[in-house]
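Below is one structure, written out as structure tokens; comments come after it.
What follows is calculated from the coordinates using simple rules that are stated; it is not laboratory data. Computed from a prediction, not measured in an experiment: that's the story for all the values here. Quick reminder, even Gly has a Cβ in these numbers, built from the backbone with ideal geometry, and neighbours come from all protein chains shown.
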Amino acid sequence: MSPAAREPDRVRRAIEKGNAPRGHFRFGENWSRFLRLLTEDRIVRAEDSLQEWLGATALHGVSFLDIGCGSGLFSLAARRLGARVRSFDADPLSVECASELRRSHFPDDPDWTVERGSILDLPFVTSLGHFDVVYSWGVLHHTGALRESLENAMIPLGDGGRLWLALYNDQGRITDYWRAVKTVYNRGVGGRAAMLTLHIPYVAARVIVRAATGRWKLERGMSMWYDLKDWLGGYPFEVAGPADVIAFFQDRGLRLDKARTVGRRNGCNEFLFRAAGPR
């Protein structure tokens, strides 16, 4: 795994004040804009993703923890499939996004809890209890302390439970380029405009390829535009190679059930691990 940008203490202090640290991407603002595009079709595609990876058409009786819930889309999808859901995020605006989805789709539902918390807050994490599915897609590499986040993500995992993660792929020198892009993006309005303009051809190429191959709609119900902003701006930024991630969890007693890697491309590698136990 790449060296961590060891700044969790600064992150924690900023979070306690309700702010993103200077130079960090404001994920909650991006998610709040994404929710304007949320449709039934996007929600169904999120449900399809959960069903495919978890190998179940329904999640009745399953407890589901959403670490870094962002917009709350996948918490909503899990709840619609029947899971008991607990969602948390360190960003207060992300918490509000997820809370709004809960209010609009499952008002006063005792089986879906949304709260503010950080995976780096060990007392908070240990207070959560244990879950059948612990889910964190594209989150832990943005904490500024990836290894600590991976360790803490195992704490709420119940006996036989499944840990589903997506983590940025390590591309070597290309990763250094993207880290520089993200640093410039977060310097202010000028940096954001420059990086968005510079990478518009990248987005256009993706659009053309997906349209030509009949894959116009993004998997998981996401948005290409808001995914781009997340990709260009998402900082802190750490990466991990698939072999390193697999070895990390296998050394701690977890079994790999499924993986989907991106090869030498940018993006996230996905992993589904299972803890020992009867389930």
Note to self: List the residues, sorted by chain then number, that are 5 or more residues from ARG84 or on another chain and whose placed amide H is less than 5 Å from its amide H.
What the structure shows: GLY61, VAL62, SER63, PHE64
Notebook entry, point to check: For ARG102, what charge total do you get from the other residues with a beta carbon under 12 Å from its beta carbon, if Lys and Arg give +1 and Asp and Glu give -1?
Noted result: -3
Notebook entry, point to check: What FRET efficiency, computed as 1/(1 + (r/R0)^6) with R0 = 35 Å and r the Cβ-Cβ distance, is obtained for ALA276 and ARG147, rounded to the nearest 0.05?
Noted result: 0.95
Notebook entry, point to check: In nm, to one decimal, how far is the modelled label at LEU196 from the one at LYS258, with both set 7 Å along Cα→Cβ?
Noted result: 3.5 nm
Item checked: Relative contact order computed over the stretch 48-135 (Cα-Cα under 8 Å; 6+ residues apart), in percent -> 31 percent
Next item on the list: Determine, from the Cβ-Cβ distance of ARG36 and THR113 and an R0 of 30 Å, the FRET efficiency 1/(1 + (r/R0)^6), rounded to the nearest 0.05.
Entry: 0.75
Next item on the list: May I ask you to work out the translational diffusion coefficient for the stretch 44-199 at 4 °C, viscosity 1.567 mPa s, via Stokes-Einstein with Rh from the Kirkwood sum over Cα pairs, reported in whole µm²/s?
Entry: 77 µm²/s
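Quick one: which of 71-83, 138-150, 244-256 comes out on top by average Cβ neighbours within 10 Å, and what's the full order, highest first?
Per-residue mean Cβ counts within 10 Å order the peptides as 71-83, 138-150, 244-256.
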Checklist line | Ranked by how many other beta carbons lie within 10 Å on average, peptides 161-173, 180-192, 89-101 from highest | finding: 89-101, 161-173, 180-192
